[in-house]
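I have placed the structure first, in the form of structure tokens, so that the comments after it can refer back to it.
Readers should treat all values here as calculations from the given coordinates under stated rules, not as data from a laboratory. Predicted, not measured: the structure shown is a model, and the values here were computed from it. Glycine gets a Cβ as well: all are built from the backbone with ideal geometry, and neighbour counts include every protein chain shown.
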Amino acid sequence: MDTQDTKDPAAARPVLEGPDIARVLTRIAHEIVERAKGADDVVLLGIPTRGVFLARRLAEKLQEITGRKIPVGSLDITMYRDDLRMHPPRALARTEIPGDGIDGRLVVLVDDVLFSGRTIRAALDALNDIGRPRAVQLAVLVDRGHRELPIRADYVGKNLPTSLRETVKVQLTEEDGRDAVLLGAKPASA
Amino acid sequence: MMRHLISAADLSRDDAVLILDTAEEMARVADRPIKKLPALRGRTVVNLFFEDSTRTRISFEAAEKRLSADVINFAAKGSSVSKGESLKDTAQTLEAMGVDAVVIRHGASGAPYRLATSGWIDAAVINAGDGTHQHPTQALLDAFTMRRRLVGRDAGLGQDLAGKRITIVGDVLHSRVARSNVDLLHTLGAEVTLVAPPTLVPVGVERWPCEVSYDLDGVLSKSDAVMMLRVQRERMNAAFFPTEREYSRRYGLDGERMAKMPEHAIVMHPGPMVRGMEITAEVADSDRCTVVEQVANGVSIRMAVLYLLLGGNEPAVTHTRPTGSEEK
């Protein structure tokens, strides 16, 4: 989630590489099918930016497993953030709800890193204005701990114990040109 | 730190594109069952209208409510203003009530600027039309409509209107819409041509970043969008043209003239239309005419402006009023 990328990327240590990420997503897709008993009513909603790409990749894997097309969309949480008033207004990202909506469906939120949990709280608020899902679950590529709210993920790619002095950065081919999860040190000035 | 929207000329290209892109996301809220976003929860916005207006006031009100702001409507008629209160006292009354933003429409050019720079209030000031000066949100919604129709809804994101040829026809002299559009469209890279009877072309127009023509038929075939303006009889205290019939024959848009426009070209009008005067019913009801679309887009644009000025702890749109050394 960190946008200020002042540190030297060479100093950051890759924790997951391209093939690892692909395997992790395949496993999560199988877990979703298992827990949702076939994923009949699953709707995947990615949280911009990288959550959307992860959601699309998950949808592809789910289609391979179930043979059906899984609705996938995006959910922008910018205006639901609890720190909206503490920064200049951010540019909005796209909210794209699949045609059949989310009422009565099993919504799986997809994000890259689970940290404080505040993003997910905002996402739950945003969902509230869009419809009433049967249930909401959460899939993340990395859980780095340090929750500030009572929120947990249902599907975790990798549990990554971190200290608050470290940064976790997810790179995806669609946005960054390569797949990787990088663990680095926070710049001293921050 | 400036955080007002007074004139379309104050917006940089990047600011304008950011507003248009934000409006594109805001437009999607209109398709939802719950047309509401929490961005301005707890903010109070006053619609201060010293001049009659239906669509602009309703449009601002809809935008404010969709962003969850608390809305206070203030019409000059029947208020303390009709008893002789000055703009300063009205402003200080609003300040005392803890207002976060003032949307002002005033018959006098420059009233919003005065309100924003006088130090009477802390609130953000948004110009909703002042005299014959500016109407920046109208120019933004027009540019938004053009970008959607001429570039594309998704293809337009991040884009300006470079190379598009826009013709503005009619009562330019009294039109704040024309002034705002010329400024903004120039910033966005479009080529603007004004067409009007010589009596309705303002003095000093040669310094505007646009062309002027008196021959509507000659310009139509080279236009991507034609914007018809209403003849503002309420602002006219002299005879600017011999008869209405002559005006509409030379400067009105009818089906025959519309056929000369390129296939993709659109007809725009800021409303209210006077059918039979500047536009015939045939043109107004054709699907090339974007009047109704412009109204819908107005709500999205005003949501975007309100969000970008009020949504955070400081505005996202940097406003460059010339305060001495700054370049204009």
Within segment A:109-139, find all residues whose amide N lies under 11 Å from a label point positioned 7 Å from the Cα of A:D154 along Cα-to-beta-carbon.
A:109-110, A:134-139
Defining a contact as two alpha carbons under 8 Å apart and six or more residues distant in sequence, what relative contact order in percent does chain B show?
22
Let me know the shape class of chain A, please: from the alpha-carbon gyration tensor, a ≥ b ≥ c as square roots of the eigenvalues, rounded when a/c is under 1.5, otherwise prolate if a/b is greater than b/c, or oblate.
oblate
Under a crude label model (7 Å from the Cα following the beta-carbon direction), how far is B:S53 from A:D83 in nanometres?
3.6
Please compute the length gained on full extension between B:D154 and B:R235, using 0.36 nm multiplied by the number of residues separating them and subtracting their Cα-Cα distance.
25.2 nm
Kirkwood hydrodynamic radius over Cα pairs of segment B:202-322, then Stokes diffusion coefficient at 4 °C and 1.567 mPa s, in µm²/s
76
Which of A:P14, A:P71, A:P88 ends up with the largest GNM mean-square fluctuation for chain A, with Cα atoms connected below 10 Å?
A:P88
Taking a crude spin-label model, label points 7 Å out from Cα along the C-beta direction, the B:E314 to A:E175 distance in nm is 2.5
Using the Cα centre as the reference, give the magnitude of the dipole from point charges on the C-beta atoms of chain B (Lys, Arg: +1; Asp, Glu: -1; all else neutral), rounded to the nearest 20 debye.
520
Using a Gaussian network model of chain B whose springs link C-alpha atoms within less than 10 Å, name the residue from B:D31, B:D224, B:D130 with the highest mean-square fluctuation.
B:D31
Qualifying lysines (Cα of each under 17 Å from Cα of A:K186; at least 8 residues distant if same chain)
A:K7, A:K169
Just tell me which aspartates and glutamates come within less than 16 Å, Cα to Cα, of B:K65; anything on the same chain fewer than 8 places away is out.
A:D129, B:D31, B:D100
Over 22 Å (Cα to Cα) among A:K37/A:K69; A:K61/A:K158; B:K164/B:K260; B:K35/B:K77 -> B:K35/B:K77
Just to check I understand the Karplus step: with θ = phi - 60° and J = 6.51 cos²θ - 1.76 cosθ + 1.60, what whole-Hz values come out for segment A:165-178, glycine and proline as x?
7, 9, 10, 10, 10, 9, 10, 10, 3, 4, 10, 10, x, 7
Quick check on the exposure proxy: order B:K83, B:K35 from fewest to most C-beta atoms within 10 angstrom.
B:K83, B:K35
Sorted by Cβ neighbour density within 10 Å, fewest at the top, the residues A:F115, B:F240
B:F240, A:F115
Over the Cα atoms of the protein assembly as shown, how large are the radius of gyration and the largest Cα-Cα distance (Dmax), in Å?
26.4, 82
Percent relative contact order of chain A, based on C-alpha pairs within less than 8 angstrom and at least six residues apart?
25
A:K37 and B:R249 label points (each 7 Å along its Cα→Cβ direction) are spaced in nm at 8.0
Residue-averaged 222 nm ellipticity for the protein assembly as shown, from DSSP H runs of 4+ at -39500 (n - 2.57), nearest 500:
-9000 deg cm²/dmol
Taking only Cα atoms and a 10 Å spring cutoff, compute GNM fluctuations for chain B and point out the largest among B:L310, B:L200, B:L229.
B:L200
For peptide B:105-113, compute the average count of partner chain beta-carbon atoms within 10 Å of each residue's beta-carbon.
0
May I ask you to compute the full-extension gain from B:E293 to B:R207, defined as 0.36 nm times their residue separation minus their alpha-carbon distance, rounded to one decimal in nm?
27.8 nm
